[in-house]
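The values are calculated or read from the model by the stated rules, or taken from the named source; none is laboratory data. From a predicted model like this one, the values you see are computed outputs, not experimental measurements. Cβ coordinates were reconstructed from backbone atoms using ideal geometry, including for glycine residues, and neighbour counts include every protein chain displayed. With ligands, DNA and RNA removed, areas are computed over all heavy atoms of the protein, side chains included. Shrake-Rupley method; radii C 1.70, N 1.55, O 1.52, S 1.80 Å.
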Amino acid sequence: MQRAHELIANEAMGRPYHLWRYGSWGQPLLVFPSAAGFAHEWDAQGMLEALSPLIDAGRLKLYCTESNVAEAFTRRDNDPAWRIQRHITFERYVTHELAAFVRADCRSQAVPIAVAGCSLGAYYAANLALKHPETFGWALCMSGRYDIRHFLDGFSNTDVYLNNPLAYVRNLEGEHLERVRRHTFLQLVCGQGAYEEGCIEETQALGDLLAAKAVPSHKDIWGHDVRHDWDWWRRQAVYHVTQRFG
């Protein structure tokens, strides 16, 4: 398997960002890490090995980025209004520099990029697909949280609202709603076992909102033995990525 480490220029964030890419060709899948924020997380947690048959067969090309989840959501040293601005800056990096890198690497300026993530990574995937459906045509969201006020000490303003799927999806209408309906699909997955508290409720709620808005999506709820952990996320990723791209 071809693998390479990249440093992607990111002037707005103040430093280059790490990216690992795996495979030579296939559907590009951009992966966002969990609360750890590390670009190598999926490799370290066995996701790369689990998906290697698809990568080796040229069905999938994996791009694993680091994120700024710590300064935006999990480290609460700074004011929530500042932290949501850092999230917005990171999103701008993803939609401009990182998406452009992926498309150039795939030698196609039109290829739809799939996105995926577990836990907080699922939030990034869902939010990007809903806000930028022409760029991100499929999102695999495993054990996600979709009301980010939980990570901002309850703080809310316009910027929080516009990045909070459980708030803005209920108000989607007009041209943007039609764009979402035409261009993207959200696969929401969650177990009902240990440590899925919050995730299962918010997965159910987002799935219901998407269905009410006729947004292409599917809610896949696993059993009470399925916990918030990598051994289950590996199984979920293999199942859904294979269903979509295998």
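Observations on the model:
- One residue from E91, E66 being open to solvent by 10 Å² or more (accessible area, probe 1.4 Å), closer than 16 Å to L30 by Cβ, touching a residue at least 40 places away in the same chain (Cβ under 8 Å) and touching a strand residue (DSSP E or B) at 6+ places or on another chain (Cβ under 8 Å): E66
- Filter result (surrounded by fewer than 21 Cβ atoms within 10 Å (Cβ to Cβ) and either of a type in the set (G, A, S) or modelled with pLDDT under 90 (or both)) within segment 11-35: E11, A12, M13, G14, S24, G26, A35
- Which numbered condition A104 misses (of (1) farther than 18 Å from V169 by Cβ; (2) out of contact with any strand residue (DSSP E or B) (no Cβ under 8 Å at 6 or more places or on another chain); (3) outside any helix (DSSP H, G or I)): (3)
- Test: E175 is closer than 29 Å to W82 by Cα, at pLDDT 95 or above and either open to solvent by 10 Å² or more (accessible area, probe 1.4 Å) or not in a strand (DSSP E or B) (or both): no
- Close Cβ contacts (under 6 Å, 6 or more residues apart or on different chains) running from residues in segment 95-115 that are closer than 18 Å to R59 by Cα to residues that are open to solvent by 60 Å² or more (accessible area, probe 1.4 Å) and part of a helix (DSSP H, G or I) are absent.
- Leading residue by the ranking (nearest to the chain's Cα centre (by Cα)) among those in segment 184-204 that are in contact (Cβ under 8 Å) with a residue 12 or more places away in the chain and either part of a helix (DSSP H, G or I) or closer than 18 Å to N171 by Cβ (or both): L186
- All of (1) modelled with pLDDT under 95; (2) in contact with a strand residue (DSSP E or B) (Cβ under 6 Å, 6 or more places away or on another chain) hold for W42 with one exception: (1).
- Selection within segment 154-169 - of a type outside the set (S, T, Y) and loosely packed, with under 13 Cβ neighbours inside 10 Å: G154, N157
- Residue that is surrounded by the fewest Cβ atoms within 10 Å (Cβ to Cβ) [pool: residues in segment 36-63 that are assigned to a loop (DSSP other than H, G, I, E, B) and among the aliphatic types (A, V, I, L, M)]: A57
- Selected residue (only one of G121, G137, G117 is modelled with pLDDT of 95 or more, within 20 Å of H240 (Cβ to Cβ) and part of a helix (DSSP H, G or I)): G121
- Matching entry among E197, E202 (being more than 20 Å from A72 (Cβ to Cβ), open to solvent by 10 Å² or more (accessible area, probe 1.4 Å) and not aromatic (F, W, Y)): E197
- When residues of segment 205-237 are limited to those that are in a helix (DSSP H, G or I) and farther than 18 Å from F185 by Cβ, the one most open to solvent (accessible area, probe 1.4 Å): R235
- Conditions (1) open to solvent by 10 Å² or more (accessible area, probe 1.4 Å); (2) within 12 Å of the chain's Cα centre (by Cα); (3) within 19 Å of E201 (Cα to Cα): number failed by L140: (1)
- Candidates D147, D77, D105 - the one that is open to solvent by 10 Å² or more (accessible area, probe 1.4 Å) and either among the β-branched types (V, I, T) or out of contact with any Pro (no Cβ under 9 Å at 6 or more places or on another chain) (or both): D77
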